[in-house]
Amino acid sequence: MVISVILISYNTAKMSIDALNALFASQGDFKLEVFVVDNASKDDSVAVIKKAFPQITLIENKVNVGFGRANNQVLDLVTGEYILLLNTD
């Protein structure tokens, strides 16, 4: 079974890394398809996430489109049987 995970990042580099580490550490036998949408962070979120998790799909928004819209922009891309909207906190 594939679970599609969507994580929205906005100036939360450390929390995003912690959330992704926890997610992958607890995936068990499930196959994860992970999308991170960065909402135009001004910190080093994009670089840190790219380096730590090259296996994910990272979408870099040029402007902060908000939490709901950022999640919605990924829905046409997911292939999983289930979708998990994951917050960094």
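For the reader, a short list of remarks on this structure follows.
- Relative contact order %, the chain, counting alpha carbon pairs below 8 Å whose residues are six or more apart: 47 percent
- Distance in nm between pseudo-label sites at Asn72 and Asp44 (7 Å out along the Cβ direction from Cα): 3.5 nm
- Counting protein heavy atoms only, the chain has 54 percent of its accessible area on carbon and sulfur, 1.4 angstrom probe.
- Placing +1 on the Cβ of every Lys and Arg and -1 on the Cβ of every Asp and Glu, with nothing else charged, gives the chain a dipole about its Cα centre of roughly 220 debye.
- Rolling a 1.4 Å probe over the heavy atoms of the protein chains gives the chain an accessible area of 59 Å² per residue.
- Springs join every pair of Cα atoms under 10 Å in this Gaussian network model of the chain, and among Thr79, Thr12, Thr57 the largest mean-square fluctuation is at Thr79.
The values are calculated or read from the model by the stated rules, or taken from the named source; none is laboratory data. Fair warning: this is a prediction, and the values are worked out from it, not measured in the lab. Methodologically, a virtual Cβ is constructed for each residue, glycine included, from the backbone with ideal geometry; neighbour enumeration extends over all protein chains shown. All accessible areas refer to the heavy atoms of the entire protein, side chains included, with ligands and DNA or RNA removed. Shrake-Rupley method; radii C 1.70, N 1.55, O 1.52, S 1.80 Å.
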